[in-house]
Amino acid sequence: MSGRPGSDWDAARAVAYLLRLLARRDYARAELDDRMRRKGVSSDVREAALGRLAELALLDDRRVAEGHVRGRAHRKGRLALRRDLDRRGVSEEVRDEALAPLDDAQQLGAARDVLAKHAWRFGSGDLRKDRAKAASFLARRGFPGDTVRTAVDAAFAATFDDDDVA
């Protein structure tokens, strides 16, 4: 074993390391490359290991992106999911394909569901303050501005109407 970190890594050891990672969850190609780079694995060994996984069809950024979006679209907006996929190193083309099913209607439904689930947070009695908190809450979760406005209007219109009836 030499003194330089990662210098004793060969392609077989790198593939075995990557397979252990992939046994736990899906990773994008860039994430796996970064993990090996942080271990000090040389670029030629990293490329050989990633190439081998691609040959075995174990590396698929499209599958990773679609799974990420599918698993989080009910609680996160399009903007947050885009940011997540960018952070994971997914290409722009693959990212846009994975986000395509998230149309305005889906996003509005998800935003309404998120507000309904967290309605207890917005019940201080000060309507203006509660609306602002709800809008900020949805914006932090990456919902587009129009969606936030529509969902908040609908949620507080229902609340306001309920208060009028009583």
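Values in this text are rule-based calculations from the coordinates and carry no lab data. Since we're looking at a predicted model, the values are computed, not measured. All Cβ positions, even for glycine, are placed from backbone atoms using ideal geometry, and neighbour counts span all protein chains on display.
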Exercise for the section: Compute the relative contact order of region 11-59 as a whole-number percentage, counting only Cα pairs closer than 8 Å that sit 6 or more residues apart in sequence. Expected result: 52 percent
Problem - Estimated [θ] at 222 nm from DSSP helical runs (n ≥ 4, -39500 (n - 2.57)) normalised by residues in the chain, nearest 500 - result: -22000 deg cm²/dmol
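Given R₀ = 30 Å, what would the calculated FRET efficiency be for Asp104 paired with Leu127, taking r from the Cβ atoms and rounding to 0.05?
With a Förster radius of 30 Å, E is 0.70.
Given N residues in the chain, what is its alpha carbon radius of gyration divided by 2.2 N^0.38 Å?
So the Cα radius of gyration is 1.44 times the expected 2.2 N^0.38 Å.
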Completion exercise
The extension gain from Asp44 to Ser136, computed as 0.36 nm times the residue separation minus the Cα-Cα distance, is 28.5 nm
Handout entry: Residues in region 84-98 reached by a label modelled at Arg70 [backbone nitrogen below 12 Å; 7 Å Cα→Cβ]
Key = none
Fill in the blank from the handout: Loop-resident trypsin sites (Lys or Arg not before Pro) in region 13-53 with no more than 11 other Cβ atoms inside 10 Å, DSSP not H/G/I/E/B, are Arg25
Completion exercise
Stretched fully, the stretch from Arg149 through Arg63 gains (0.36 nm per residue minus C-alpha distance, one decimal, in nm) 27.7 nm
Exercise for the section: Once you have the Cα-Cα distance between Ala119 and Leu56, take 0.36 nm times their residue separation minus that, and quote the gain in nm to one decimal. Expected result: 18.0 nm
